[in-house]
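Below: one structure, written as structure tokens.
The values are calculated or read from the model by the stated rules, or taken from the named source; none is laboratory data. None of these values were measured; they are calculated from a predicted model. Cβ coordinates were reconstructed from backbone atoms using ideal geometry, including for glycine residues, and neighbour counts include every protein chain displayed. Note: accessible area is taken over every heavy atom of the protein model, side chains too, but ligands, DNA and RNA are not part of it. Shrake-Rupley method; radii C 1.70, N 1.55, O 1.52, S 1.80 Å.
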Amino acid sequence: MLSEDDMPKQWYNVVADMVNKPLPPLHPKTKKPVTLEDMTPIFARELVRQEMTTERWIDIPDEVRNLYRIYRPTPLVRASGLEKALDTPAKIYFKNESVSPVGSHKLNSAIPQAYFNKIEGVKHITTETGAGQWGSAMSIACKHFGLDLKVYMVRVSYEQKPYRKSVMQTYGAQVFASPSDTTEIGRIMRQQFPGTAGSLGMAISEAVEEALKDDDTRYTLGSVLNHVMLHQTIIGLEAEKQLEMTGDYPDVIIACFGGGSNFGGITLPFLRHKLTGGKDIRLIAAEPASCPKLTRGEFRYDFGDTEGYTPLLPMYTLGHDFEPASIHAGGLRYHGAGSIVSQLLKDGYVEARDVLQTDTFKAGILFAQSEGIIPAPESTHAIAVAIQEALKAKEEGKEKVILFNLSGHGLIDMMAYDKYLSGNLENYEVPQSTIAKSIEKIEGLQPEK
Ligand SMILES: *Cc1c(COP(=O)(O)O)cnc(C)c1O
């Protein structure tokens, strides 16, 4: 067992070891790389510094480690039940991030983001949330540091997952269904798209607008950005030590993919062995077939939000006004991928695979019945791909070590399981013409060659 004292004291920044560094974010007007000063009206200064740094190791402040201790180190579990159910020669391990008080990995970045805002004198925080996981994490993290929080929650999730809203309110946050009528952009979007289900991109626009309007307010983002990946590397750094104790080393690591934070979190510390030590290891990102930015998107500069308030980010994207279907893995309904992972995918260090919604729930139920944990709809994507890999090992008669990240539990998502069990869950596949149309709209944003 990894003791508290073995909990990592630094986060790992893969940018230091990347051969091709991620391209810089650009100012949408000038198309020049954004500066620290451009970003500090939106984000805490230290978070912007972390966003841009090429230092390899970043110290985790003691105040952050003290709160990590509530639930870290998280368990690394050998999924013997699942192995048996699949009758596979593969060894399957998972890192159980569902044990955090909010039920997902999101707290790993919420705590440091609240902390750095606090010590810089920020009073109010805004953020968006899809499924409600990030909003819940930010709600308790802000409460720990005495900050108040406004959360813009994607409308479809607000309606599908009322208990998440209650969780956030219990921790003391204010929650709005997005698009809302409390921001200018929210009102415009409600007029333009009456009855819209909302999207992460829209909710981000609303939360950023609030931060820009007030000097004591900053915005926080739960995925996509480099500093979020950085905080999440605590997952992989712990897993690295825990696996060492078992004597196994992973052949393949799998995580589900929304903007890339839990995927980056578990894989990047292991990628360092490949980049600096020549280890052979496969990293697979599992995404929904209904929002396939990695498998069917294009590598372009695009906005992080719908309205175009953010800098232009280099990413695999479906276009910032792509409206994903209302699948139950709300945390995976995002149009783009973080720039670190996008560059790594482009350079062939990372693979991606898409999964149909019904296949993810089938995998989730097998996992629940064999391991006893009901996984979050997002996490079931990773499980589905882990199962594919384990079955392939069986076919090939190979022993293989598989590690996947269990990004969260699904106990507040039982409505989605109900739907699956009653045969009412649909699959959504995106026509190529839809993707082509939203990509075409961003061609004009590209910097001159
Ligand atoms: C938010 C979330 C995700 C997706 O976000 P990433 O930044 O890609 O990790 C996955 N699983 C759970 C449980 C989440 O809450």
*Under 1.5 on a/c is rounded, so check that first for the range 119-163, then, if it is not, pick prolate when a/b is larger than b/c and oblate when it is not; a ≥ b ≥ c are the square roots of the alpha carbon gyration tensor eigenvalues.*
prolate
*Give the long-range amide H neighbours of GLU307: residues separated by 5 or more places, or on another chain, with amide H under 5 Å away, using H modelled in the peptide plane at 1.01 Å from N.*
SER205
_the range 1-158 shape via C-alpha gyration tensor axes, a/c threshold 1.5_ = prolate
*Rounded to the nearest 500, what is the chain's calculated 222 nm mean residue ellipticity when only DSSP H runs of at least 4 contribute -39500 (n - 2.57) each, over all residues?*
-12500 deg cm²/dmol
*Once the principal axes of the Cα atoms of the range 141-201 are found, what is the range along each, listed largest first in whole angstroms?*
38, 24, 16
*About its Cα centre, what dipole magnitude does the chain give when the only charges are +1 on Lys and Arg Cβ and -1 on Asp and Glu Cβ, stated in debye to the nearest 20?*
140 debye
*Determine which residues of the range 250-264 fall in the zone a paramagnetic label at LYS398 would reach in this model, i.e. backbone nitrogen under 17 Å from the point 7 Å along Cα→Cβ.*
250-254
*Rounded to the nearest 10 Å², what accessible area does ARG296 show when all protein chains are kept and the probe is 1.4 Å?*
70 Å²
*Length gained when the stretch THR35-LEU391 is fully extended (0.36 nm per residue, less Cα-Cα span)*: 123.4 nm
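Given R₀ = 22 Å, what would the calculated FRET efficiency be for LYS21 paired with LYS123, taking r from the Cβ atoms and rounding to 0.05?
Result of the calculation: an efficiency of 0.05.
Determine the alpha carbon to alpha carbon distance for each of LYS118/LYS143; LYS21/LYS400; LYS21/LYS449 and list only those over 22 Å.
LYS21/LYS400
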*Would you please put 30-37, 104-111 in order of how densely packed they are, using the mean number of other Cβ atoms within 10 angstrom per residue and starting with the highest?*
104-111, 30-37
*May I ask for the net charge around GLU448, where only other residues with Cβ less than 15 Å from the Cβ of GLU448 are counted and Lys, Arg are +1 while Asp, Glu are -1?*
+4
*Roughly what % of DSSP beta bridges within the chain run antiparallel, to the nearest 5?*
35 percent
_Rounded to the nearest 20 debye, what is the charge dipole size of the range 233-335 about its Cα centre when +1 sits on each Lys and Arg Cβ and -1 on each Asp and Glu Cβ?_
220 debye
_Could you give each residue of the range 156-172 its phi-based ³J(HN,Hα) in whole Hz, using Karplus coefficients 6.51, -1.76, 1.60 with θ = phi - 60°, and x for Gly or Pro?_
4, 6, 3, 7, 6, 10, x, 5, 5, 4, 5, 4, 4, 5, 4, 7, x
*By its C-alpha gyration tensor, with a ≥ b ≥ c as the square roots of the eigenvalues, how is the range 306-433 shaped: rounded for a/c under 1.5, else prolate for a/b larger than b/c, else oblate?*
oblate
*Leaving out ligands, DNA and RNA but keeping every protein chain, what accessible area does GLU55 have, in Å² rounded to the nearest 10, with a 1.4 Å probe?*
90 Å²
*Would you tally the net charge around LYS165, using a Cβ to Cβ cut-off of less than 15 Å, leaving LYS165 out, and scoring K and R as +1, D and E as -1?*
+1
*Any chance you could list the semi-axes, whole Å, largest first, of the equivalent ellipsoid that the Cα gyration tensor gives for the chain, using √(5λ)?*
30, 25, 23
_Cα radius of gyration and Dmax for the range 185-339 (Å)_ = 17.6, 59
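Per residue, how large is the accessible surface of the range 95-214? Use a 1.4 angstrom probe and give square angstrom.
33 Å²
Counting Lys and Arg as +1 and Asp and Glu as -1, what is the net charge of the other residues whose Cβ lies under 15 Å from the Cβ of THR267?
That sum, taken over residues with Cβ under 15 Å, equals -4.
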_Just to check I understand the Karplus step: with θ = phi - 60° and J = 6.51 cos²θ - 1.76 cosθ + 1.60, what whole-Hz values come out for the range 189-202, glycine and proline as x?_
5, 5, 6, 5, 10, x, x, 4, 6, x, 7, 4, x, 5
